[in-house]
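Everything on this sheet refers to the single structure shown next.
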Amino acid sequence: MQREIFEPCNIFEENGAVMQAGWSRTPVFIRNDENGKSVAKHCEREIFFINNGEVSLYLAVENYVKELNIKIAVADLKHGGVISDSINKKLRFSKVELPCDENSGEFFFEDKGVTLKLTNTIDGRYIRCAYREFGGFDDFYCNIFLKRNIIENLNALAPFERNRKYYYFKRFMPCYTAQGAIKVGGIEYSILENTARAYIDKTRYFKPREHSYQRLSADCILGGKRFSLNLASRVGDNRYGNENCFFYDGKLEKLSQITVKGTPNRIDRPYYYKGGMSALDIMFKPFTVRGEAMSAKLGSTTIIFGRLYGTINRIDYDKPLELDNAQAHMIFSEF
């Protein structure tokens, strides 16, 4: 059952339990942390993905109770190849929180050759990062502004059935254009607003155990319109909603159960996705460079870059959306 929520509602009840479950097209879920009995233990993760068709930037900040991870990967989609690096910082006393307000606030981190500054404004996000000896070789630098457009986005809340103080809260926002520059060593990539898109994947959670998480995503132009995809594995009690959806021309189309078939431990092999009632039938095929999948391994996270082939029928059953050669990526993570 897919339960769409239309009216604003609190995440936490007065006793600290998370009783709501479902999804929405707008940010209806209100973080009333004063009622959350476990807020001091909740974890945060924000992923920024920027793509202009020739280069992709993956930047993630994972903020655990006393541990901070920063993960960065730059994929040259035109010539083939990925450079990546990450830093893990143990926090001795308390964690450094990401801003809760999307219209204001700042995150700043500096340590061992890495400087990262994320600034929230009413118009969008600024990302400024300098990483010396990135990937063990050249320096990395980026200065990018993500401009927010007012379109639909996915908001999902899933409590855990047995103990509802545990929860998983997700926002997938493919509603940004990007402008700025990315530099790796002597190579500079120009990020222009009319050709570059960005999404933000934002999660907050408090879980009783680790999960093996898998997500297939895309953010590209098809038929002159923007297409974004989010197909993800289950976390929490998803009887009333899940993360599976796609966006076309700014409109969210919700998907239900998705069947996934692949070859475990062979990231160079294709993955196949099918949805009920012929809603979706696609294949993700990794890019390969000298026989190896074009990917980045960042601690407990692996990103694979590739393309989509197949069709989505939900928009117009008489004229399905063709995905042949649509750029996409898969993310595998333990968290």
**Asked** Ordered by residue, what ³J(HN,Hα) values in Hz, to whole numbers, does the range 143-154 give under the Karplus form 6.51 cos²θ - 1.76 cosθ + 1.60, where θ = phi - 60° and Gly and Pro are x?
**Response** 9, 9, 10, 9, 8, 7, 10, 7, 9, 5, 9, 9
**Asked** Taking the range 19-113 as the region of interest, what is the percent of Cα-Cα pairs per 5 angstrom bin, listed from the shortest bin to the one with the maximum distance?
**Response** 3, 9, 16, 18, 17, 15, 11, 7, 3, 1, 0
**Prompt:** Taking a threshold of 19 Å on the Cα-Cα distance, which of the pairs Lys90/Lys170; Lys207/Lys297; Lys37/Lys207; Lys225/Lys261 fall above it?
**Reply:** Lys90/Lys170; Lys207/Lys297; Lys225/Lys261
**Message:** Please list, ordered by chain and number, the residues whose modelled amide H lies under 5 Å from the amide H of Glu67; skip anything fewer than 5 residues away on the same chain.
**Reply:** Leu91
**Complete:** Phi angles of the range 107-117, converted by Karplus (6.51 cos²θ - 1.76 cosθ + 1.60, θ = phi - 60°) into ³J(HN,Hα) in whole Hz with x for Gly and Pro, give 10, 9, 9, 8, 5, 6, x, 10, 10, 9, 10
**Prompt:** Could you give me the ³J(HN,Hα) list for the range 238-247, computed from phi with Karplus coefficients 6.51, -1.76, 1.60 and θ = phi - 60°, whole Hz, x at Gly and Pro?
**Reply:** 9, 5, 10, x, 8, 8, 5, 6, 9, 10
**Message:** I need the peptides 173-182, 290-299 ranked by packing, meaning the mean over residues of other C-beta atoms within 10 angstrom, with the highest value on top.
**Reply:** 173-182, 290-299
**Request:** Could you pull out every residue, at least 5 positions away or on a different chain, whose amide H is within less than 5 Å of the one on Glu133? Hs are placed 1.01 Å off N in the peptide plane, and Pro or chain starts have none.
**Result:** Asp139, Phe140
**Asked** What is the set of long-range amide H partners of Gly105 at a cut-off below 5 Å, with H atoms built 1.01 Å from backbone N?
**Response** Asn120
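FYI, it's all coordinate maths here, none of it is from the lab. Everything numeric in this text was worked out from a predicted model, so none of it was measured. All Cβ positions, glycine included, derive from the backbone under ideal geometry; neighbour counts span all protein chains shown.
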